[in-house]
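A.B. asks: Take this structure first; my questions come after.
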2 protein chains.
Amino acid sequence: MTTSPLKGRIYPGPPKHDPRDSISTQSWGFEDTTFAVDETGAITVTGDRYAGLSGERLPDLLPWFRKVVGIDFPLESSAGRFVLPPVPQPRQAQGFLDEIRKTVAEDQIVTDSAVRLRHGHGHTVSEINAVRSNGFERVPDYVVYPKDESQVAAIVRAAAHHNVVLMPYGGGTNVTEALRCLPYEDRPIISVDMTRMDRIEWIDPVNRMAKIQAGAAGRLIQAQLAEHGFTMGHEPDSVEFSTLGGWIATNASGMKKNRYGNIEDILLDVTVVSALGKLERSQVVPRESIGLDPKLWIIGSEGSLGIITSAVVKLFPVPASREYGSVIFRTFEEGVAFMYDLAQQDSYPASVRLVDNLQFQFGQVLKPVSHGTKRLKSKAQKWLVTGPLGYDPNKMVAVTLVFEGTHEEVDRQERMVYRLAKRHGGMKGGAENGKRGYLLTFGIAYIRDFVLQHHILAESFETSVPWTQAQSLIDRVKKRIYDTHAERGLPGTPFVSCRVTQIYETGCCVYFYMAFYAQGVENAVEEYHHIETAARKEVLEAGGSISHHHGVGKLRLPFVSDIMSPAMERWREQVKCALDPQNVFAAQLPLEAPEHAGALT
Amino acid sequence: MTTSPLKGRIYPGPPKHDPRDSISTQSWGFEDTTFAVDETGAITVTGDRYAGLSGERLPDLLPWFRKVVGIDFPLESSAGRFVLPPVPQPRQAQGFLDEIRKTVAEDQIVTDSAVRLRHGHGHTVSEINAVRSNGFERVPDYVVYPKDESQVAAIVRAAAHHNVVLMPYGGGTNVTEALRCLPYEDRPIISVDMTRMDRIEWIDPVNRMAKIQAGAAGRLIQAQLAEHGFTMGHEPDSVEFSTLGGWIATNASGMKKNRYGNIEDILLDVTVVSALGKLERSQVVPRESIGLDPKLWIIGSEGSLGIITSAVVKLFPVPASREYGSVIFRTFEEGVAFMYDLAQQDSYPASVRLVDNLQFQFGQVLKPVSHGTKRLKSKAQKWLVTGPLGYDPNKMVAVTLVFEGTHEEVDRQERMVYRLAKRHGGMKGGAENGKRGYLLTFGIAYIRDFVLQHHILAESFETSVPWTQAQSLIDRVKKRIYDTHAERGLPGTPFVSCRVTQIYETGCCVYFYMAFYAQGVENAVEEYHHIETAARKEVLEAGGSISHHHGVGKLRLPFVSDIMSPAMERWREQVKCALDPQNVFAAQLPLEAPEHAGALT
């Protein structure tokens, strides 16, 4: 690390890569963390990464889940073994490769099948299912790992000369099929993996800004900024793996946005290599009015307008105080009323999340076995809450809270929150449950891929909606999923659950979780998509958005015409064509041809 | 007013137009408010609109200003008489007019010379000077006043058919020459005055949103929302006259942005009639991720992509408490250090502004004559501050404060602010001075046009800059203005002053005021532009932006290539061409031809 005497800027060295942080190529997350079944039939979690989950036995999980889906399904003995599916041969792209070899080294160009496969998908259930079965008709033909901006520029120039497609790749965590390669794309497809551009170029501690390369993953950014007393405060569920470039490209939202803002609030400047050349600025200012501002067009561009190479973001001091908390309410409706009132306050906790009853139960069965006095205490608490205090275990819901700020601010928010909760019949659930609830986000992301091995198709999707429509949207979407599941004659009962993850003065973000048992179901993934599409239609009809922060990708592109006028769609098409006339950045479907979306499913 | 039982939406009727609110066509502001000189030679202010200024005599102002510019200039006896300058004949646009007459009534099409003149300029010194002398080579040929969105759509369609130019007009308050008509524009130019579309379409009190037509002026929006207990919180200096559409088109900032955010934070949805059709959405949600988002392209579009017809904005409850305050500091540097520390707090007052010593003095001489005990008290205070307390009247500066929020929040912020101020050697200056300082913004806007009658050219310009560069930028820009003034051999000393009007964690907005006496100066306005251009160059070299919130217009377009890469400029051109291929909305110069900017000066 060096410090510039001129401007007080800090120049951190490259990030430290922990060799234990090896990332799985066929499932979500780190390789050391997996869910498995032990000899007693209980679910266990490997590794030691996630406190309260890793290394634990979860004896209650499987019986509970069997009860919820109404099927006493068997566990698959073959689960966990991964066989590489067929991966198509790379297409010829000799001219392109020859040209970029003048700039990039041989080890920056990869043709390995497993690597190419990994770069051709994100984490939708159909993608992970394909990885584990028949693979994809098309994956990137080459994966290139640029080390700096000039290499990105050389790659983009070569792509234009030689008529190949570039698809930027960050953490590969999207759930929008953004990385899927279109079978009808005739040109060679090159995945541009940005993760070797993962440095913090500088930290300006006085002006509270940092310039960070686009391929830096959230956990690396967090660790390095923390060394200097700062945080970006941006914590999407995928923060361990997703990258700064991905956050900007998908218009991401963090779990602590109440305190730190969403990505658009944090972003001060962005550098992009586009088909028309490099977008960059000679200055970074706190706020400006410069007429048409290309920076704004990059937000949510999902890889279709160019490759984001770096950005300048706002920093916040690491908060002096962080406290967790939780509150239980008798009903979901009371929980929503509390969330609404909280959102009308001038200042509220960094993170506030309301889980419905099914998800509350899910959190309970995810608790490891407790022993001795802890077990007794826990049993006594449960008896008290569900007995004399009258909280119905099949109706009660919970809110988890993360407070960050000065000690004084955290104290004040705590007092306000618990006072407000009481008014809505809420009762403190303790800091431990709050912390567990918040951190569980990172751990439960692994469950989907585990249950998939046992023929359970599961996924989450999210939306945003004004407050007055939130409850009816939730009711309607849940009903639509149950109804569609029944109409399709699928076995058992679907698991349908939701949580309110973000609050605004004007509305909230709602996350749905759905799963169903699909052993023996013909075209199970298609059935899944059928339900998901029905649910999304219901979301839109109930006043919800296409997405709060996941984005559109290829998965939700067919819905865009439902939410905007034809002229607005035409604007999108015209801008795409004007800024990338050769469609080098064909990461998204050609906007003018959404009917091709069917080609993927 | 009606209330919808379904959604709880409120439908206010049309706004009440106060017949006293007649707006001047040749100066800033309301017609009832002017600065004049009475028989004793003292400056007086007409009307009763601005407390502490209207109806008052300001005996100290003229002597002080003569001292500052170093010239004991005479007052002009002819001042105040307005003669309409030559206004060019309207060009033929028969086809266009015939077509729109199918949709709009005859009283919505105006060819009156004074009206056309007014629609061809904003409020730069050169524009107001032209209005009062030789007029413009080109003004709009017709002014059309649509009453609803369908009429706007008809006008835009007709414009495309008949090859005419449309320039949207809101409050006409811009200071960027955005409304100037280009002499080399061959096509007829139609000003589309949006002020008859000034309704609040609905207020959604639960979801805290309102849909408002784009031509609604700030004062009308404020008054109507207040009736229902709400505010947008958006208070640019021009809030009395500027319109919602103008705020969006110029990416405006309000004086209370610390509490309510800038326009981009308040905007939830926007409806636009573009050359490709109407941009509109079927839903309004608190936040979303929809890929390329045309809403973001409209922010800062300055009339070049279409006509904004309405927008949905966030609302805030009218604050329970509003308190004013002020603090004096010994030096500007101490004031800046205080502002920086304040911006690092989690929560700070709605408005915080630091004025430099010259502006502080200006504020003093703008005080009306006081009498009796008030006069004695004021004299005693001045003696105490500048005597025993040691504040140098030629160095001291002031911060004015507006606190808004709950009583508890305002109390807390007050305690924090004054504690912090003390640490920087600041001393409380009282609530009255704070209120006066805040409200003076609206009154002093009239002074520029008054002094212009007496051969003083005066204007303000603004920028934004990171904190570490703020002081050096201010020093450099002031020096550059003094130096350029001297180099050009202009008489006397220029008046150069600044204030910090907005604070961010990362930097601040700085407003400069400059004036010089120009009686007898050949091409005085050109000299003014020469100094202004030099100052703007210095701003950019010192790390400042082209504009914090005024925008680019035609005035600052030549500087855009200084702040962005050629590819970024090309993006702007390509988007403009793609979305308005006929250049119907030629409000801005053709982006590809900034050399034409010279045609205006």
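A.B. asks: Explain nothing, just compute: Karplus ³J(HN,Hα) = 6.51 cos²θ - 1.76 cosθ + 1.60, θ = phi - 60°, for every residue of region B:501-514 in order, whole Hz, x for Gly and Pro.
C.D. replies: 9, 9, 10, 10, 4, 9, x, 8, 9, 10, 9, 10, 10, 9
A.B. asks: Right, next: Taking amide H positions as placed in the peptide plane 1.01 Å from N, state which residues far from residue B:331 in sequence (5 or more) or on other chains have amide H under 5 Å from it.
C.D. replies: B:397
A.B. asks: Give the shape of region A:350-408 as rounded, prolate or oblate, defined through the alpha-carbon gyration tensor: a ≥ b ≥ c are the square roots of its eigenvalues, a/c under 1.5 means rounded, and otherwise the shape is prolate if a/b is larger than b/c and oblate if not.
C.D. replies: prolate
A.B. asks: Which of rounded, prolate or oblate describes region B:20-155 when judged by the alpha-carbon gyration tensor and an a/c cut-off of 1.5?
C.D. replies: Prolate.
A.B. asks: Using amide H atoms built in the peptide plane, which far-off residues or other-chain residues are under 5 Å from residue A:204 H to H?
C.D. replies: A:10, A:209, A:210, A:211
A.B. asks: So if we plug the beta-carbon distance of residue B:196 and residue A:161 into 1/(1 + (r/R0)^6) with R0 = 45 Å, what FRET efficiency do we get, rounded to 0.05?
C.D. replies: Efficiency at R0 = 45 Å is approximately 0.25.
A.B. asks: Collect residues whose amide H, placed 1.01 Å from N in the peptide plane, falls under 5 Å from the amide H of residue B:231; neighbours closer than 5 in sequence don't count.
C.D. replies: Long-range HN contacts for residue B:231: B:316, B:318.
A.B. asks: Can I ask one more? Which of the listed residues, A:365, A:388, A:343, is farthest toward the dipole's positive end in region A:334-461, when Lys, Arg count +1 and Asp, Glu count -1 at the beta-carbon?
C.D. replies: A:388
A.B. asks: Grab the Cα-Cα distance for residue A:134 and residue A:150, subtract it from 0.36 nm times how many residues apart they are, and report the gain in nm with one decimal.
C.D. replies: Gain in length upon complete extension: 2.0 nm.
A.B. asks: Check every DSSP H run in chain A and write down those whose alpha carbon atoms cover 18 angstrom or more along the long axis and whose mean Kyte-Doolittle hydropathy is -0.5 or greater.
C.D. replies: A:149-162, A:431-444
A.B. asks: Please label the shape of region A:443-529 as rounded, prolate or oblate, based on the square roots a ≥ b ≥ c of the eigenvalues of the alpha-carbon gyration tensor (a/c under 1.5 means rounded; beyond that, a/b larger than b/c means prolate, else oblate).
C.D. replies: oblate
A.B. asks: To continue, here is another question. Sort the following peptides by mean Cβ neighbour count (other Cβ atoms within 10 Å, averaged over residues), highest first: B:170-180, A:20-30, A:301-311.
C.D. replies: A:301-311, B:170-180, A:20-30
A.B. asks: Still on this structure, please answer the following. Starting from the 7 Å offset along Cα-to-Cβ, what nm value, one decimal, do you get for the label separation of residue A:320 and residue A:36?
C.D. replies: Taking the two extended label points, one gets 4.7 nm.
A.B. asks: Could I ask something else about it? Take every residue in peptide B:502-508, count the Cβ atoms of other chains within 10 Å of its Cβ, and give the average of those counts.
C.D. replies: Details: counts 2, 1, 7, 8, 14, 8, 3.
Average neighbour count from other chains, rounded to a whole number: 6.
A.B. asks: Taking the Cα centre of region B:248-399 as origin, sum charge times position over the Cβ atoms of Lys and Arg (+1) and Asp and Glu (-1), and report the length of that vector in debye to the nearest 20.
C.D. replies: 940
A.B. asks: Also: Working out 0.36 nm times the residue gap between residue A:432 and residue A:219, then minus their Cα-Cα distance, what length gain in nm do you get to one decimal?
C.D. replies: Contour length minus Cα-Cα distance gives 74.4 nm.
A.B. asks: In whole Hz, what ³J(HN,Hα) sequence does region A:283-293 give by Karplus (6.51, -1.76, 1.60; θ = phi - 60°), x for Gly and Pro?
C.D. replies: Result, ordered by residue: 7, 10, 10, x, 5, 7, 10, 10, x, 4, 10 Hz.
A.B. asks: Further question: Quick check: Cα centre of region B:173-222 to Cα centre of region A:80-151, how many Å?
C.D. replies: Region B:173-222 and region A:80-151 have Cα centres separated by 51 Å.
A.B. asks: What is the spin-label model distance, in nm, from residue B:364 to residue B:106 if the labels are put 7 Å beyond Cα along the C-beta direction?
C.D. replies: Taking the simple label geometry, residue B:364 and residue B:106 are separated by 6.2 nm.
A.B. asks: I want to check the label-to-label distance for residue B:345 and residue B:76. Put each point 7 Å from Cα in the C-beta direction and report it in nm to one decimal.
C.D. replies: Modelled inter-label distance: 4.6 nm.
A.B. asks: Would you kindly work out, in nm and rounded to one decimal, the distances from the label point of residue B:419 to those of the same position in each other copy, ordered shortest first, with label points 7 Å along Cα-to-Cβ?
C.D. replies: For residue B:419, the other copies' label points sit at 1.9 nm, shortest first.
A.B. asks: Step through the residues of region B:300-314 one at a time and calculate ³J(HN,Hα) from phi using the Karplus curve (6.51 cos²θ - 1.76 cosθ + 1.60, θ = phi - 60°), rounding each to whole Hz and writing x for Gly and Pro.
C.D. replies: x, 6, 6, x, 8, 10, x, 10, 6, 9, 7, 8, 9, 10, 6
A.B. asks: Ranked highest first by average number of other Cβ atoms within 10 Å, how do B:376-389, B:559-572 line up?
C.D. replies: B:559-572, B:376-389
A.B. asks: A follow-up question, please. Run the dipole for chain A about the Cα centre, Lys and Arg Cβ at +1, Asp and Glu Cβ at -1, nothing else charged, and hand back the magnitude in debye, nearest 20. Write out the running numbers ahead of the final one.
C.D. replies: Working: 65 positive and 71 negative charges, 291 e Å.
My answer is approximately 1400 debye.
A.B. asks: Could you name the aspartates and glutamates in cross-link range of residue B:257, using Cα to Cα under 15 Å and dropping any fewer than eight places away on the same chain?
C.D. replies: In chain and number order, the partners are A:265, A:288, A:346, B:235, B:237, B:265, B:346, B:404, B:505.
A.B. asks: Of A:310, B:578, A:401, which is farthest on the positive side of the dipole of the protein assembly as shown, counting Cα position, with +1 on Lys and Arg Cβ, -1 on Asp and Glu Cβ, and the Cα centre as origin?
C.D. replies: Farthest along the dipole direction, towards plus: A:401.
A.B. asks: Which order do A:298, A:481 fall in if you start with the one that has the fewest other Cβ atoms within 10 Å?
C.D. replies: Values: A:298 25, A:481 21.
With the fewest neighbours first, A:298, A:481 line up as A:481, A:298.
A.B. asks: Still on this structure, please answer the following. Can you give the mean number of other chain Cβ atoms that lie within 10 Å of the Cβ atoms in peptide B:342-352? All intermediate terms of the calculation are to be shown ahead of the outcome.
C.D. replies: Working: counts 0, 2, 4, 2, 9, 4, 0, 0, 0, 0, 0.
Mean partner shielding for this stretch: 2.
A.B. asks: Please give the charge dipole size of the protein assembly as shown, origin at the Cα centre, charges +1 on K and R Cβ atoms and -1 on D and E Cβ atoms. Round to the nearest 20 debye.
C.D. replies: For this selection, approximately 2780 debye.
A.B. asks: What's the average, rounded to a whole number, of partner chain beta-carbon atoms within 10 Å of each residue's beta-carbon in A:273-283?
C.D. replies: 6
Laboratory data are not the source of any read-out in this text; all were calculated from the coordinates shown. Bear in mind the structure is a predicted one, so any value in this text is a computation, not a measurement. Reconstructed Cβ throughout: ideal geometry from the backbone, glycine too, with neighbour counts over all protein chains shown.
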